[in-house]
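A short write-up of the structure that comes next.
The values are calculated or read from the model by the stated rules, or taken from the named source; none is laboratory data. The model shown is predicted, which means the values in this text are computed figures rather than measured ones. Backbone-built Cβ (ideal geometry, glycine too); neighbour counts: all protein chains shown. Ligands, DNA and RNA are excluded from the accessible area calculation, which covers all protein heavy atoms including side chains. Shrake-Rupley method; radii C 1.70, N 1.55, O 1.52, S 1.80 Å.
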Amino acid sequence: MNPSSPGPAATGILAAALAEALPRLCAPGAAPDPRLLALIRVLAAALESGDLELDLAAEAPEGLDPQDWPQAYRAALEHSALVVQADALEQAPQAPLVLTGERLRWRRWHLQLEHTLSELVRRAREPLAQGPPPEALEAARRQTAAAGLDASQQQAVVAALSQRLLLLSGGPGTGKTSTVVQLLAALLELQPQLRLQLAAPTGKAAARLREAIERDGRRLAAQLAGPLLAAPCSTLHRLLESNGERFGRHRQRPLDLDLLVVDELSMVDLPLMAALLEALPAACRLVLVGDPAQLPPVGPGPVLQELMQPPWLEQVGPAAVELRTTYRNAGAIAAVATELRHAGDAPLQRLTARLQQLDPGGNLHWRQASARQPPATAIGALRQHQQRLGELAAELAAALPRGSGELPPEEAVEPLLSELEGCVALTPVRQGAWGVDGLHRQLLGEAAGRSIAHWP
């Protein structure tokens, strides 16, 4: 959850307020259908978790009657003045809800999503004012082939040279970063003075992008490696000069760039992508890189996941390139991840079968435990990690003059910061013994219920 976003209690209050106010304001005098009020409450709650819509073709969401789902709820929508079909928005400008096929959305988010995706499609389809000649494209293809890139990676490089947008997707280890380095090298060869920027949605993702570009970029010729390694890399918020409330870069003050590469696109939400497109010059190339199966954004609207849906992906056309061949050998972790990506209709059954066949000496182990208590081995490893962090912090504090208020030198802090990710527990839930809160209680005791400032 975003620290600045409202909690569950605030979300419930907002949902109840919307369910009370919208029928009164948008359809005065009409008795609201209880099913419609329930849909409004559920749709408001869904927005808190980043979902812009309710899928009427999916299972009934929590809070709705499964026996009435979806037929009775759809009937309530179709007979309400609060709802308008997506192809008839102008006929009901006051309607706050939009029904598009089997999806129910808030009007505001529907309009922003459609506008943002349409803008990306427009960038993908509009030709460059002055693209490279065919012989330059063929030379770039031969050069990337010589560098070891496969046919899909070569296709991505050519698309980046000849179009204003490239959507590069693929799972872990499929060579996305290697492809980006080669396409940047090809562009720098054509435009040595290229104004280039690298960006990602979070500081950690930006740091990893910088590390990956430096690792692969050092293999290039000196005249190409220099500009590439000197390219700035930051978070998208910093690039757009965010002050927490609004962005300093926008249509009236656009970014001064010829090419922008955005990594970890799966974590970019709709408002951030909309702000980025508004600040991007029309002539600027945009390379979007991500894995739709990776972490979704904290904020509302998973842009990459929406863009990968067939109707939009077809419109993007050859500007969308998916890398499928896995080059990085991550053992059982990579094998299981790949199988899950292509599991079809029975992912749980295939996952279970795969886990039962794991090699005991591999890099992935499956442990079953009671739903009431996480595995003791996991808690033990976390306690050891916690103790080590405490020791490093104590050593750091002891090395500073008492009461001086001085900050320790960077090299003194490095061991502590490096240890932070030495052991990480990931859980898909917040509540319960296996959730984030349950793990915190096991490790922190009573301090788990206090603010982070009071944690050891």
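The table that follows gives values for the structure above.
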{"quantity": "Some residue of the range 440-448 being modelled with pLDDT under 85 and open to solvent by 90 Å² or more (accessible area, probe 1.4 Å)", "calculated": "no"}
{"quantity": "Of all residues in the range 129-146 being aliphatic (A, V, I, L, M) and either without any contact (Cβ under 8 Å) to a residue 60 or more places away in the chain or in a helix (DSSP H, G or I) (or both), the one that is surrounded by the most Cβ atoms within 10 Å (Cβ to Cβ)", "calculated": "ALA140"}
{"quantity": "Total residues in the range 240-254, condition touching a residue at least 12 places away in the same chain (Cβ under 8 Å) and within 17 Å of PRO271 (Cβ to Cβ)", "calculated": "5"}
{"quantity": "Extreme residue, most open to solvent (accessible area, probe 1.4 Å), among residues of the range 70-102 that are in a loop (DSSP other than H, G, I, E, B) and within 20 Å of ALA31 (Cβ to Cβ)", "calculated": "HIS79"}
{"quantity": "Residue match in the range 330-342 (condition: hydrophobic (A, V, I, L, M, F, W, C) and in a strand (DSSP E or B))", "calculated": "no"}
{"quantity": "Enumeration of residues in the range 289-305 that are under 22 Å from HIS110 (Cα atoms), of a type in the set (A, V, I, L, M, F, W, C) and open to solvent by less than 30 Å² (accessible area, probe 1.4 Å)", "calculated": "VAL303, LEU304"}
{"quantity": "Residue check for TRP434: open to solvent by 50 Å² or more (accessible area, probe 1.4 Å), of a type outside the set (D, E, K, R) and in contact with a Ser or Thr (Cβ under 7 Å, 6 or more places away or on another chain)", "calculated": "yes"}
{"quantity": "Filtered residues of the range 418-456 (kept if outside any helix (DSSP H, G or I) and in contact with a Leu (Cβ under 8 Å, 6 or more places away or on another chain))", "calculated": "CYS423, ALA425, THR427, TRP455, PRO456"}
{"quantity": "Any pair with Cβ under 9 angstrom, 6 or more apart, that starts in the range 276-303 at a residue that is in contact (Cβ under 8 Å) with a residue 40 or more places away in the chain and ends at one that is in a helix (DSSP H, G or I) and acidic (Asp, Glu)", "calculated": "LEU277/GLU119; PRO300/GLU48"}
{"quantity": "Flag for ARG350 being surrounded by fewer than 17 Cβ atoms within 10 Å (Cβ to Cβ), closer than 30 Å to SER162 by Cβ and at pLDDT below 85", "calculated": "no"}
{"quantity": "Identity of the residue in the range 154-181, closer than 18 Å to PRO134 by Cα and of a type outside the set (A, V, I, L, M), that ends up most open to solvent (accessible area, probe 1.4 Å)", "calculated": "GLN155"}
{"quantity": "Options ALA222, ALA199; residue that is under 22 Å from GLN163 (Cα atoms), aliphatic (A, V, I, L, M) and either at pLDDT 95 or above or open to solvent by 80 Å² or more (accessible area, probe 1.4 Å) (or both)", "calculated": "ALA199"}
{"quantity": "Test result for GLN357, at pLDDT 85 or above, open to solvent by 80 Å² or more (accessible area, probe 1.4 Å) and either over 30 Å from LEU340 (Cβ atoms) or not aliphatic (A, V, I, L, M) (or both)", "calculated": "yes"}
{"quantity": "Total residues in the range 258-288, condition acidic (Asp, Glu), in a loop (DSSP other than H, G, I, E, B) and open to solvent by 30 Å² or more (accessible area, probe 1.4 Å)", "calculated": "2"}
{"quantity": "Members of the range 377-408 found to be β-branched (Val, Ile, Thr) and either touching an Asp or Glu at 6+ places or on another chain (Cβ under 6 Å) or modelled with pLDDT of 90 or more (or both), listed by number", "calculated": "ILE379"}
{"quantity": "Matching residues, the range 372-408, being closer than 22 Å to GLY445 by Cβ, open to solvent by 80 Å² or more (accessible area, probe 1.4 Å), in a loop (DSSP other than H, G, I, E, B) and not charged (D, E, K, R)", "calculated": "GLN373"}
{"quantity": "Answer from GLN191, GLN182, GLN223 - the residue that is of a type in the set (S, T, N, Q) and in contact (Cβ under 8 Å) with a residue 40 or more places away in the chain", "calculated": "GLN191"}
{"quantity": "Among residues of the range 103-119, those that are surrounded by fewer than 20 Cβ atoms within 10 Å (Cβ to Cβ) and either over 24 Å from the mean Cα position of the chain (by Cα) or aliphatic (A, V, I, L, M) (or both), counted", "calculated": "1"}
